[in-house]
Each structure stands twice: as structure tokens, then as C-alpha cells.
1. Would you work out the Kirkwood radius for the chain? I mean one over the mean of 1/r across all pairs of different Cα atoms, in Å.
2. Under the Karplus relation 6.51 cos²θ - 1.76 cosθ + 1.60, θ = phi - 60°, what is the ordered set of whole-Hz ³J(HN,Hα) values for region 146-151, x standing for Gly and Pro?
3. Okay, which of region 75-97 sit inside 17 Å, backbone N to the point 7 Å along the Cα-Cβ direction of ILE131?
4. At most 14 other Cβ atoms within 10 Å plus a DSSP loop assignment makes a site exposed; report the longest stretch of the chain without any exposed chymotrypsin sites (Phe, Trp or Tyr not before Pro).
5. Using the heavy atoms of the protein chains alone and a 1.4 angstrom probe, what is the accessible area of region 33-122 per residue in square angstrom?
6. Less than 14 Å Cβ to Cβ from THR52, Lys/Arg counted +1 and Asp/Glu -1: what total charge do the surrounding residues give?
7. Leaving out ligands, DNA and RNA, and with a 1.4 Å probe, what % of the accessible surface on region 1-105 is carbon or sulfur?
8. Could you tell me how many degrees, from 0 to 90 and to the nearest 10, lie between the Cα long axis of helix 38-60 and the main elongation axis, the longest principal axis, of the Cα atoms of the chain?
Amino acid sequence: MTHYTTEQRKPWNKKYLSKPEVKAARAKLNREWIANNRERYNKAKSIYRFKTKVEVLSLYSENKLCCAICGYDKNVDALCLDHINDNGAEHRKELGVSSRGNSSGTTIYERIKALGQLPGLQVLCANCNTIKEIQRKRGGETSDVFMKAVKEGFSWK
């Protein structure tokens, strides 16, 4: 019996696994396994998403997971990637990533892992990211300007 190396089997595997009937059978087996192992699947998927996020955020924060503005580093779950030039919609379109759904963050992280560090991104905490977005929508005005207007009184007229 002839034994083939992994490299020798790759072309055959690729051709075989691309057959529609084989794809359908594998998809069915996968669906059945997930249905029978839902808890295990969900936990593995959560770990995968978290690990991917940490790997990508590490690229942009030089291995010190913290906010580029305030330095927050207490909880990785509060950190996210931010488009420095506020061009996230354009960037997602270029990468072919939908902005809808819960997995868009994971998909972007996966693309960055595959392509390497992309320019124009930074790590921000949720607070700094939200403040930046609000200021962008206000045309650059900070909350100080609005607080002054509130204290001095203003009219809707």
C-alpha cells in the first residue's frame, strides 16, 4: 500500500472536497454535530472570537492592550478597533464585510489576521470611541461647548 504525504494529498483533497455532493454531505454532518453539541460549539466559538480579537488588538497596541487615548486596560471586552479617519463604512466595503449582524467585528478581525496590520486603525476603549463618534456627529464640538450652552440657557427658537 502506498502512503502519500499531506502535500501529495492536497490536490486530490481539494478536488474531492469541492464536489457538490461531498460539500452537501459534509455540511449536513456539521449541522448535525453542532445540533448535538451546541454548548461545546458555542464555547469553542466564543474562545475563538476572543482569541482573534486579542491577537488583532495586540497588533495595533504594540502588545499592550490599552486605549490609545486614555490608556484604559482593565478589561479587553471594553476595547475595540477604531478607524482613525472615520472611514469605517468605506473600509468595510473594501474588505467585503457587512456592517450588519453580530459577527462583523469578528469578520474584520479575521481579515486583518489574514492580511496583516492595515493602516488607519487604532485601539480605543468603548468610552473614547463613543465620545469620538458623538463629536464627529456634532461637527467637532466637544461637550464643554454644549454644557456652556445648557448652563447659560438656550432657546429652541
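1. 19.8
2. These are the phi-based 3J(HN,Hα) values: 6, 4, 4, 5, 5, 5 Hz.
3. 75, 78-84
4. Excluding the exposed sites themselves, the longest stretch runs over 5-153.
5. 68
6. Values: positive: LYS45, ARG49, LYS51, LYS53, ARG111, LYS113; negative: GLU55, ASP77, GLU110.
So the environment of THR52 carries a net charge of +3.
7. 51
8. 60
The values are calculated or read from the model by the stated rules, or taken from the named source; none is laboratory data. Just so it is clear, the structure is predicted and the values come from calculations on it, not from any experiment. Ideal geometry is used to build each Cβ from the backbone, glycine not excepted, and the neighbour counts take in all protein chains shown. With ligands, DNA and RNA removed, areas are computed over all heavy atoms of the protein, side chains included. Shrake-Rupley method; radii C 1.70, N 1.55, O 1.52, S 1.80 Å.
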